[in-house]
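Comments concern the structure below.
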Amino acid sequence: MFDQPEVPANACAEVDPSEASLKQLAQQTDDGPFLMLNLLEFAPNGGRERFARYGEVAAKAIRDRGGDVLYVGEPLTGAGVPEAAREGWDRIVCVRYPSRASYLDMQQDPAYRAALPDRRNGLARRMLYVTQAGSRPGEDSDVHFPLERVESTDPNEIFVINMLRFRGPGGLADYARYSHVVGPEIQKRGGSTVLLLRGELPLVSDDFWHEFLLVRYPSLESVMSMMSTDKWQDAAKNRERALHGRGGFPTRPVS
């Protein structure tokens, strides 16, 4: 888990995966479904519209190969949400592919390739990360998180994406202690972890990440009230010891 793949640098500003990173993906064992995590920052002056044109073509190409979009969300804005919480991103997209071969085959699709200029011109930044469904170590090791579509019918619900880089095995143990306290607090407020993903291969990324979590909360207020408690603040000390780096922001589903 803590061995970082040797992938040539391919920064978020590059938007597209490099040939070297795609070659490394092709060399991995093709052992079934995986989830591709996208973070997107739209280019100014029409970037969102250009990316939407690409998105229509990409969605069909994904469906044609048996894939599915599991979650699309955009950062919360407005009162109580600082601009810094967005970390500059405008959208998160989680896509399940049935195999690495299906994703690589899509890269050769003529219609898909014809739409790539709209993606390049539509984005200022992009993070693209190959991930696999994970499970919590220790006492929760029997709890697995399948790659299934995230459903939401409550307009007040939010989904917080968490990006985690641990300080080695000791950091993972510290984070488990944090989760042991905070997990029940989330559940008590009607929340739950809906995706727990192990980072496998950064195709486009400024950083290496060990784990990504998508956590459902009934409202932004429920998150803020939890974080104001002494119990959460004490547990957060373990989180700080656990992590060498972290990121994330609250989102709301979009169709």
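Residue by residue, here is whether (1) at pLDDT below 95; (2) farther than 21 Å from THR153 by Cβ; (3) in contact with a strand residue (DSSP E or B) (Cβ under 6 Å, 6 or more places away or on another chain) holds:
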| residue | (1), (2), (3) |
| --- | --- |
| VAL69 | no, no, yes |
| VAL72 | no, no, yes |
| ALA79 | yes, yes, no |
| SER99 | no, yes, no |
| TYR103 | no, yes, yes |
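Counting only strands (runs of 3 or more DSSP E) that fall entirely inside region 135-243 and contain at least 2 residues that are surrounded by 20 or more Cβ atoms within 10 Å (Cβ to Cβ), in contact with a helix residue (DSSP H, G or I) (Cβ under 7 Å, 6 or more places away or on another chain) and touching a residue at least 60 places away in the same chain (Cβ under 8 Å), the qualifying elements are 158-166, 192-204. In the condition set (1) at pLDDT below 95; (2) under 21 Å from HIS210 (Cα atoms); (3) surrounded by 12 or more Cβ atoms within 10 Å (Cβ to Cβ), ASP31 is compliant with all but (3).
Being free of Cβ contacts under 8 Å to residues at least 60 places away in the same chain and either basic (Lys, Arg) or part of a strand (DSSP E or B) (or both) holds for only one residue in ARG113, ARG125, ARG96, and it is ARG113.
Quick grid of which residues meet (1) among the basic types (Lys, Arg); (2) under 27 Å from VAL95 (Cβ atoms); (3) in the same structural domain as GLU19 (by TED's automatic domain parsing):
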{"position": "GLY171", "(1), (2), (3)": "no, no, no"}
{"position": "SER179", "(1), (2), (3)": "no, yes, no"}
{"position": "GLN187", "(1), (2), (3)": "no, no, no"}
{"position": "GLY191", "(1), (2), (3)": "no, yes, no"}
{"position": "ARG198", "(1), (2), (3)": "yes, yes, no"}
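The values are calculated or read from the model by the stated rules, or taken from the named source; none is laboratory data. Note that the coordinates shown come from a computational prediction; the quantities given were computed from them, not determined experimentally. Please note: Cβ atoms are built from the backbone with ideal geometry, for glycine as well, and neighbour counts cover all protein chains shown.
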